[in-house]
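Have a look at the structure below before the remarks.
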Amino acid sequence: MISLFQDLGKWYKGNLHTHTTRSDGRRTPEECMSLYQAQGYDFLALTDHWKPSQGGRHEQMLLLAGAEWDIGPVGSTGCVHLVGIGMKAAPALERGPGLTAQGIVDAIRAAGGEAILAHPAWSLTQPELACGLTGLLATEIYNSVSAFPYTGRPDSSEFVDQCAMRGRRLPCLASDDAHFYTGEQCRSYTMVNAKGNTREEILEALRQGNFYASQGPQVYAVRYDRQYVEIECSPCAIIGFMSSSPWAGDRVVQNSAGGRYEIKSADRYIRIHLIDKEGRQAWVSPFAIGGRQA
């Protein structure tokens, strides 16, 4: 069987979307960094609106340069928010009617960074728009601050599935997007398997898709061939093998530390969703299976 993840060295925990008093957050950069450091995070990006932060270190925690840019809404396409991480310089971006989502992605990449589509469910970003973007690193499948009591659209699983059905399998992150620091902080994160905890090694592992999103459940291994998909994980109340088949009798495994799903003829991709007994979730990005290409 093929292993979905490479064992490059170690799993690192990080948050790639958060805000401080440099824009509309309620904690200073120093308070934010200290908070995540104290909770055992290995890397963090401060992504204030239109105000790029610097990379570096906060004690043992890696800091990736970051910022968030936005456009819209335009007509019925929803708005688009894009987070840039790892830039070596400030992207050449200015607000204006000529700014496009693709223009933001291109500017982030030209500055040496990577672009992440933020909270598409919250933004009501349309799948067609996202599928037309080139150069995206990933999208947020879960965004903590987008949950109640603030808006109530934190989960972009359906958006991810709609994109996968259109042939665009978007790698999935989970981020806090902390603004208020009243419970959304240190909740949703990304686990990256990398050779080391440096800018170059974390970015390279992200580019390779060697990560999963989580709020607590741990993924130890995902393997697949033309017939089956298997997962080994920490004990979960629900393991869901999501795919393009509308119904599958073996889609859900309950109260287990692993499971197996038999690939159906209609399946174009598999995405795995985990929920533990405390209600904490984890997400494995959609991937092509059985030699089938979306």
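Any chance you could run the full-extension gain for ALA248 through ILE2? It's 0.36 nm times the residue separation minus the Cα-Cα distance, nm to one decimal.
Details: separation 246, 0.36 × 246 = 88.56 nm, distance 2.25 nm.
Extra length from ALA248 to ILE2 when fully extended: 86.3 nm.
What is the distance, in nm, between label points placed 7 Å from the Cα along the Cα-to-Cβ direction at ARG166 and at LYS51?
Going from the ARG166 label point to the LYS51 one covers 3.4 nm.
Connecting C-alpha atoms closer than 10 Å in a GNM of the chain, tell me which of GLN37, GLN227, GLN215 has the biggest fluctuation.
GLN227
Give me the accessible area per residue for the range 17-152, probe 1.4 Å, as a whole number in Å². Write out the running numbers ahead of the final one.
Working: 5620 Å² over 136 residues.
The answer is 41 Å² per residue.
Between ARG226 and GLU31, what is the spin-label point distance in nm, taking each point 7 Å from the Cα along the Cα→C-beta axis?
Simple spin-label model gives 5.9 nm for this pair.
Need the full-extension length gain, LYS10 to CYS79, defined as separation in residues times 0.36 nm minus the C-alpha distance. One decimal, nm.
Working: separation 69, 0.36 × 69 = 24.84 nm, distance 3.64 nm.
21.2 nm is the gain from fully extending LYS10 to CYS79.
Which whole-number percent is the relative contact order of the range 223-294 (Cα, under 8 Å, 6+ apart)? Please list the in-between numbers first.
Values: 147 pairs, mean separation 24.9, N = 72.
Computed over the range 223-294, the figure is 35 percent.
Starting with the highest mean, order 52-58, 254-260 by the number of other Cβ atoms within 10 Å, averaged over the residues of each peptide. It would help to have the intermediate numbers written out before the result.
On the way: 52-58: 16.4, 254-260: 14.4.
So the peptides 52-58, 254-260, ranked by packing, come out 52-58, 254-260.
Leaving ligands and nucleic acids out of the surface, order TYR224, TYR269 by accessible area at 1.4 Å, largest first. Please report the intermediate quantities before stating the final value.
On the way: TYR224 40, TYR269 5 Å².
Heavy-atom accessible area, descending, gives TYR224, TYR269.
Starting from the 7 Å offset along Cα-to-Cβ, what nm value, one decimal, do you get for the label separation of PHE148 and ALA288?
Between PHE148 and ALA288, the label points sit 4.1 nm apart.
Hey, quick one: spin label on GLU204, modelled 7 Å out along Cα-Cβ, who in the range 105-134 has an amide N within reach, i.e. under 12 Å?
Zone members listed by number: none at all.
Please report the carbon-and-sulfur percent of the accessible area for the range 144-183; probe 1.4 Å, protein heavy atoms only, DNA, RNA and ligands left out. Working shown, then result.
Numbers: 850 of 1580 Å².
With neighbouring chains kept in place, the figure for the range 144-183 is 53 percent.
My understanding is that a pair violates if its Cα-Cα distance is over 28 Å; which of LYS10/LYS264; LYS10/LYS277; LYS13/LYS88; LYS10/LYS51; LYS13/LYS277; LYS195/LYS264 do that in this structure?
Details: LYS10/LYS264 33 Å; LYS10/LYS277 26 Å; LYS13/LYS88 22 Å; LYS10/LYS51 31 Å; LYS13/LYS277 21 Å; LYS195/LYS264 35 Å.
As for pairs spanning more than 28 Å Cα to Cα, those are LYS10/LYS264; LYS10/LYS51; LYS195/LYS264.
The values are calculated or read from the model by the stated rules, or taken from the named source; none is laboratory data. Keep in mind the model is a prediction, meaning the values are calculated, not measured. Because the Cβ atoms are built from the backbone with ideal geometry, glycine has one as well, and the counts that use them run over all protein chains shown. The protein model used for the area step is the full one, side chains on, heavy atoms only, and it has no ligands, DNA or RNA in it. Shrake-Rupley method; radii C 1.70, N 1.55, O 1.52, S 1.80 Å.
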